[in-house]
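Undergrad: The structure follows.
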Amino acid sequence: MALVVDARRLGASRGAGANALWRMSAVASDRALFARPSSREQARVIGLLPQASFLPATTAETGWWKIDAVLDFMACRGLDRVVWLDGELPTFDPRLGVTYREAAEDALADAGITPFLFAPDPARSLSASIAELVEDFAACHFWAPARPLLAPVLETAV
């Protein structure tokens, strides 16, 4: 399982957020950060994940460079499960006609990768409960569907 993080506005550089990020990184076999211009938050997160790879903005074949970077990272390492923490996931892209999260879910599903996508609220930071969800995902205690599960529709014969 991989942990992929956008360090901007993550709220994980100290305190409970740092502890949660450390817990998440402990269950990941590979870690990556999106290469961004330096910021105070990113510098602190890099300190928490010193063994992380950096994912550069090279292509946008899928419509968003981050999706391409994650797909390449996962393919190079032969991984099929990813936890992706990124505040930009809920952003609607008018060119794609969907949110980045929906585009990422589709691309990852097409590649046979099971995702756990999460857009942290920087005002709340990461928490122990989020770290617990990631630990459960890593341990395969739950499966994160690419699409929301719908309640079955019951029909009656007349």
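The values are calculated or read from the model by the stated rules, or taken from the named source; none is laboratory data. None of these values were measured; they are calculated from a predicted model. All Cβ positions, glycine included, derive from the backbone under ideal geometry; neighbour counts span all protein chains shown. Surface accessibility is based on the protein's heavy atoms, side chains included, excluding ligands, DNA and RNA. Shrake-Rupley method; radii C 1.70, N 1.55, O 1.52, S 1.80 Å.
Undergrad: Could you list, in sequence order, all residues of the range 119-137 that are exposed (fewer than 14 other Cβ atoms within 10 Å of the Cβ) and among the aliphatic types (A, V, I, L, M)?
TA: Matches in the range 119-137: 123, 128.
Undergrad: How many of the residues making up the range 61-84 are under 15 Å from residue 101 (Cα atoms) and without any contact (Cβ under 8 Å) to a residue 24 or more places away in the chain? First the steps, then the outcome.
TA: Looking only at the range 61-84, we keep the residues that are under 15 Å from residue 101 (Cα atoms), and these are 62-71, 82-84.
Subset that is without any contact (Cβ under 8 Å) to a residue 24 or more places away in the chain: 65, 68.
Here the count works out to 2.
Undergrad: Tell me which residues, restricted to the range 95-116, are touching a residue at least 24 places away in the same chain (Cβ under 8 Å) and open to solvent by 40 Å² or more (accessible area, probe 1.4 Å). Please lay out each step first, then the result.
TA: Within the range 95-116, the first condition is being touching a residue at least 24 places away in the same chain (Cβ under 8 Å), and the residues that meet it are 95-96, 100, 103-109, 111-116.
Selection gives 95, 96, 106, 109, 111, 112.
Undergrad: Here's another thing I want to ask about it. Residues in the range 64-78 that are crowded, with 16+ Cβ neighbours inside 10 Å and assigned to a loop (DSSP other than H, G, I, E, B): how many?
TA: Step one: of the range 64-78, the residues crowded, with 16+ Cβ neighbours inside 10 Å are 64-71, 73-74.
Going one step further and asking which of them are assigned to a loop (DSSP other than H, G, I, E, B), we end up with 64.
Result for the range 64-78: 1.
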